[in-house]
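Visitor: Just passing along the structure, written as C-alpha coordinates.
The values are calculated or read from the model by the stated rules, or taken from the named source; none is laboratory data. Nothing here was measured: the structure is a model prediction, and the numbers come from that model. Reconstructed Cβ throughout: ideal geometry from the backbone, glycine too, with neighbour counts over all protein chains shown. Ligands, DNA and RNA are excluded from the accessible area calculation, which covers all protein heavy atoms including side chains. Shrake-Rupley method; radii C 1.70, N 1.55, O 1.52, S 1.80 Å.
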Amino acid sequence: MTTITATATEARIEATQALISAGRTLFTQRGYRQTDYAELAETAGLTPEFAQELLPDKAAVFGALIERTVKVAGLLGPAVAEGVDEDLPARLVRTYLALWEPGEEESPLIEVYRIALADSEASRVLRERVTHSLNSQVDHELPGADAEVRTALFGAQLGGIAILRHLLGVDALASADVESVIDTVTPGLRHTLLGTHGSR
(Lines give C-alpha, C1' and ligand atoms only; values in the text may rest on other atoms or scores of the structure.)
Protein backbone atom coordinates (compact mmCIF):
# COMPACT_ATOMS: atom_id res chain seq x y z
CA MET A 1 0.00 0.00 0.00
CA THR A 2 2.82 2.41 0.86
CA THR A 3 4.54 1.79 -2.47
CA ILE A 4 1.31 2.36 -4.39
CA THR A 5 0.62 5.59 -2.48
CA ALA A 6 4.17 6.84 -3.07
CA THR A 7 3.92 6.05 -6.77
CA ALA A 8 0.60 7.89 -7.04
CA THR A 9 2.07 10.90 -5.23
CA GLU A 10 5.09 10.96 -7.50
CA ALA A 11 2.81 10.78 -10.54
CA ARG A 12 0.82 13.80 -9.32
CA ILE A 13 4.01 15.76 -8.69
CA GLU A 14 5.29 14.90 -12.15
CA ALA A 15 1.96 15.85 -13.74
CA THR A 16 1.90 19.14 -11.82
CA GLN A 17 5.38 19.99 -13.06
CA ALA A 18 4.31 19.14 -16.62
CA LEU A 19 1.36 21.51 -16.27
CA ILE A 20 3.60 24.30 -14.95
CA SER A 21 6.05 23.73 -17.80
CA ALA A 22 3.18 23.91 -20.28
CA GLY A 23 2.24 27.23 -18.71
CA ARG A 24 5.76 28.56 -19.12
CA THR A 25 5.82 27.55 -22.79
CA LEU A 26 2.39 28.82 -23.76
CA PHE A 27 2.37 31.99 -21.67
CA THR A 28 5.74 32.94 -23.14
CA GLN A 29 4.90 32.08 -26.74
CA ARG A 30 1.27 33.17 -26.91
CA GLY A 31 0.68 35.38 -23.91
CA TYR A 32 -1.30 34.77 -20.75
CA ARG A 33 -4.65 36.02 -22.02
CA GLN A 34 -4.39 34.16 -25.33
CA THR A 35 -3.84 30.81 -23.59
CA ASP A 36 -6.84 28.86 -22.32
CA TYR A 37 -6.84 26.17 -19.69
CA ALA A 38 -7.70 23.33 -22.07
CA GLU A 39 -4.56 24.11 -24.09
CA LEU A 40 -2.46 23.99 -20.93
CA ALA A 41 -3.83 20.56 -20.06
CA GLU A 42 -3.38 19.25 -23.60
CA THR A 43 0.20 20.51 -23.84
CA ALA A 44 0.96 18.83 -20.51
CA GLY A 45 -0.56 15.58 -21.76
CA LEU A 46 -3.33 15.66 -19.17
CA THR A 47 -7.11 15.58 -19.27
CA PRO A 48 -8.67 18.91 -18.23
CA GLU A 49 -10.39 17.17 -15.31
CA PHE A 50 -7.16 15.75 -13.89
CA ALA A 51 -5.30 19.00 -14.54
CA GLN A 52 -7.89 20.90 -12.51
CA GLU A 53 -7.36 18.55 -9.58
CA LEU A 54 -3.73 19.65 -9.59
CA LEU A 55 -4.03 23.36 -10.37
CA PRO A 56 -7.65 24.48 -10.73
CA ASP A 57 -7.29 27.38 -13.15
CA LYS A 58 -4.92 29.40 -15.29
CA ALA A 59 -4.08 31.80 -12.47
CA ALA A 60 -3.04 28.86 -10.29
CA VAL A 61 -0.78 27.57 -13.06
CA PHE A 62 0.92 30.96 -13.39
CA GLY A 63 1.19 31.29 -9.62
CA ALA A 64 2.89 27.89 -9.45
CA LEU A 65 5.23 28.96 -12.26
CA ILE A 66 6.17 32.05 -10.26
CA GLU A 67 6.86 29.96 -7.18
CA ARG A 68 8.96 27.47 -9.14
CA THR A 69 10.91 30.20 -10.92
CA VAL A 70 11.44 32.73 -8.18
CA LYS A 71 11.06 30.95 -4.82
CA VAL A 72 10.89 34.40 -3.24
CA ALA A 73 10.14 33.26 0.29
CA GLY A 74 12.99 30.79 0.40
CA LEU A 75 15.46 33.24 -1.07
CA LEU A 76 14.58 36.10 1.26
CA GLY A 77 14.46 33.89 4.33
CA PRO A 78 18.21 33.82 5.03
CA ALA A 79 18.43 37.61 4.79
CA VAL A 80 15.65 38.00 7.34
CA ALA A 81 16.96 35.20 9.57
CA GLU A 82 20.01 37.30 10.40
CA GLY A 83 17.67 39.66 12.25
CA VAL A 84 16.11 43.08 11.92
CA ASP A 85 18.98 45.54 11.99
CA GLU A 86 20.24 48.42 9.89
CA ASP A 87 21.79 46.01 7.41
CA LEU A 88 18.52 44.14 6.70
CA PRO A 89 17.47 46.45 3.82
CA ALA A 90 20.89 46.05 2.17
CA ARG A 91 20.69 42.26 2.47
CA LEU A 92 17.20 42.22 0.94
CA VAL A 93 18.19 44.61 -1.85
CA ARG A 94 21.27 42.56 -2.72
CA THR A 95 19.35 39.26 -2.65
CA TYR A 96 16.50 40.53 -4.81
CA LEU A 97 18.52 42.44 -7.38
CA ALA A 98 20.92 39.51 -7.74
CA LEU A 99 18.00 37.40 -8.96
CA TRP A 100 17.68 39.67 -11.97
CA GLU A 101 21.32 39.66 -12.98
CA PRO A 102 22.06 37.45 -16.00
CA GLY A 103 24.34 34.45 -15.71
CA GLU A 104 25.02 32.30 -18.72
CA GLU A 105 21.38 32.88 -19.67
CA GLU A 106 18.83 35.62 -19.08
CA SER A 107 17.35 35.61 -15.59
CA PRO A 108 14.09 33.59 -15.47
CA LEU A 109 12.59 36.45 -13.47
CA ILE A 110 12.59 38.56 -16.62
CA GLU A 111 10.51 35.96 -18.43
CA VAL A 112 7.96 35.84 -15.61
CA TYR A 113 7.67 39.61 -15.41
CA ARG A 114 7.25 39.94 -19.18
CA ILE A 115 4.30 37.56 -19.02
CA ALA A 116 2.80 39.45 -16.09
CA LEU A 117 3.24 42.97 -17.39
CA ALA A 118 1.40 42.12 -20.61
CA ASP A 119 -1.82 41.14 -18.82
CA SER A 120 -3.73 42.59 -15.88
CA GLU A 121 -4.75 39.23 -14.36
CA ALA A 122 -1.24 37.85 -14.63
CA SER A 123 0.07 41.06 -13.04
CA ARG A 124 -2.33 40.58 -10.14
CA VAL A 125 -1.18 37.00 -9.60
CA LEU A 126 2.49 38.06 -9.62
CA ARG A 127 1.82 41.01 -7.32
CA GLU A 128 -0.07 38.86 -4.82
CA ARG A 129 2.58 36.12 -4.79
CA VAL A 130 5.52 38.46 -4.36
CA THR A 131 3.72 40.67 -1.83
CA HIS A 132 2.63 37.69 0.23
CA SER A 133 6.13 36.25 0.25
CA LEU A 134 7.73 39.56 1.16
CA ASN A 135 5.16 40.39 3.84
CA SER A 136 5.18 36.92 5.37
CA GLN A 137 8.96 37.00 5.62
CA VAL A 138 9.52 40.60 6.64
CA ASP A 139 6.72 42.79 7.99
CA HIS A 140 5.90 40.72 11.10
CA GLU A 141 9.55 41.07 12.12
CA LEU A 142 9.58 44.86 11.85
CA PRO A 143 8.80 47.35 14.61
CA GLY A 144 5.93 49.81 14.29
CA ALA A 145 2.21 49.61 13.49
CA ASP A 146 2.81 50.61 9.86
CA ALA A 147 5.21 47.73 9.13
CA GLU A 148 2.99 46.24 6.43
CA VAL A 149 2.75 49.54 4.55
CA ARG A 150 6.50 50.12 4.79
CA THR A 151 7.19 46.60 3.53
CA ALA A 152 4.85 47.12 0.58
CA LEU A 153 6.51 50.42 -0.32
CA PHE A 154 9.94 48.84 -0.01
CA GLY A 155 8.90 46.05 -2.38
CA ALA A 156 7.34 48.48 -4.86
CA GLN A 157 10.48 50.61 -5.05
CA LEU A 158 12.75 47.59 -5.34
CA GLY A 159 10.60 46.08 -8.08
CA GLY A 160 10.56 49.37 -9.94
CA ILE A 161 14.34 49.55 -9.91
CA ALA A 162 14.60 46.02 -11.33
CA ILE A 163 12.02 46.67 -14.06
CA LEU A 164 13.68 49.92 -15.16
CA ARG A 165 17.10 48.27 -15.18
CA HIS A 166 16.26 44.97 -16.86
CA LEU A 167 12.96 45.24 -18.71
CA LEU A 168 12.86 48.85 -19.86
CA GLY A 169 16.61 49.19 -20.15
CA VAL A 170 16.84 52.75 -18.82
CA ASP A 171 20.46 53.44 -19.69
CA ALA A 172 21.62 55.03 -16.45
CA LEU A 173 20.42 51.99 -14.54
CA ALA A 174 21.04 49.30 -17.14
CA SER A 175 24.69 50.27 -17.62
CA ALA A 176 25.47 50.76 -13.92
CA ASP A 177 27.36 48.19 -11.90
CA VAL A 178 24.90 46.31 -9.67
CA GLU A 179 26.96 47.08 -6.55
CA SER A 180 26.79 50.79 -7.36
CA VAL A 181 23.01 50.52 -7.69
CA ILE A 182 22.77 48.71 -4.35
CA ASP A 183 24.98 51.28 -2.59
CA THR A 184 23.00 54.18 -4.05
CA VAL A 185 19.47 52.98 -3.31
CA THR A 186 20.01 51.29 0.05
CA PRO A 187 19.96 54.42 2.28
CA GLY A 188 16.55 55.49 0.96
CA LEU A 189 15.18 51.97 1.08
CA ARG A 190 16.53 51.56 4.61
CA HIS A 191 14.43 54.52 5.72
CA THR A 192 11.38 53.16 3.85
CA LEU A 193 11.61 49.72 5.45
CA LEU A 194 12.79 50.59 8.95
CA GLY A 195 11.38 54.09 9.31
CA THR A 196 12.83 56.03 12.23
CA HIS A 197 14.13 52.75 13.66
CA GLY A 198 16.69 52.64 10.88
CA SER A 199 17.89 56.23 11.17
CA ARG A 200 21.53 56.72 11.74
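Visitor: I need the phi-derived Karplus couplings for region 151-161: 6.51 cos²θ - 1.76 cosθ + 1.60, θ = phi - 60°, integer Hz, Gly and Pro marked x.
Guide: With coefficients 6.51, -1.76 and 1.60, one gets 5, 5, 5, 4, x, 5, 5, 5, x, x, 4 Hz.
Visitor: Explain nothing, just compute: Karplus ³J(HN,Hα) = 6.51 cos²θ - 1.76 cosθ + 1.60, θ = phi - 60°, for every residue of region 90-104 in order, whole Hz, x for Gly and Pro.
Guide: Each residue's phi maps through the Karplus curve to give 5, 5, 5, 4, 5, 4, 5, 5, 5, 5, 8, 6, x, x, 6 Hz.
Visitor: Another question, then. What is the dipole size for the chain, taken about its Cα centre, with +1 at each Lys and Arg Cβ and -1 at each Asp and Glu Cβ, in debye to the nearest 20?
Guide: 280
Visitor: Compute the Cα gyration tensor for region 101-200, then decide on rounded, prolate or oblate, letting a ≥ b ≥ c be the square roots of its eigenvalues: rounded whenever a/c is under 1.5, prolate when a/b is larger than b/c in the other cases, and oblate in all that remain.
Guide: oblate
Visitor: Can you list the HN-Hα couplings for region 7-22, worked out from phi with the Karplus curve (6.51, -1.76, 1.60; θ = phi - 60°), rounded to whole Hz and with x for Gly and Pro?
Guide: Computed from phi, the couplings for region 7-22 are 5, 5, 5, 4, 5, 5, 5, 5, 5, 4, 5, 5, 5, 5, 5, 4 Hz.
Visitor: I need to check one value: relative contact order of the chain, counting alpha carbon pairs closer than 8 Å and at least 6 residues apart, in percent.
Guide: Reported as a whole number, the value is 20 percent.
Visitor: Still on this structure, please answer the following. How much net charge surrounds residue 13 when only other residues with a Cβ under 15 Å from its Cβ are counted (Lys, Arg +1; Asp, Glu -1)?
Guide: -2
Visitor: Continuing with this model, one more query. Heavy atoms only, 1.4 Å probe, whole protein assembly: order 171, 57 by accessible area, highest first.
Guide: Sorted descending by solvent-accessible area, the residues read 171, 57.
Visitor: Go ahead and estimate [θ] at 222 nm for the chain from helices alone: -39,500 (n - 2.57) per DSSP H run with n ≥ 4, summed, over the residue count, rounded to 500.
Guide: -23000 deg cm²/dmol
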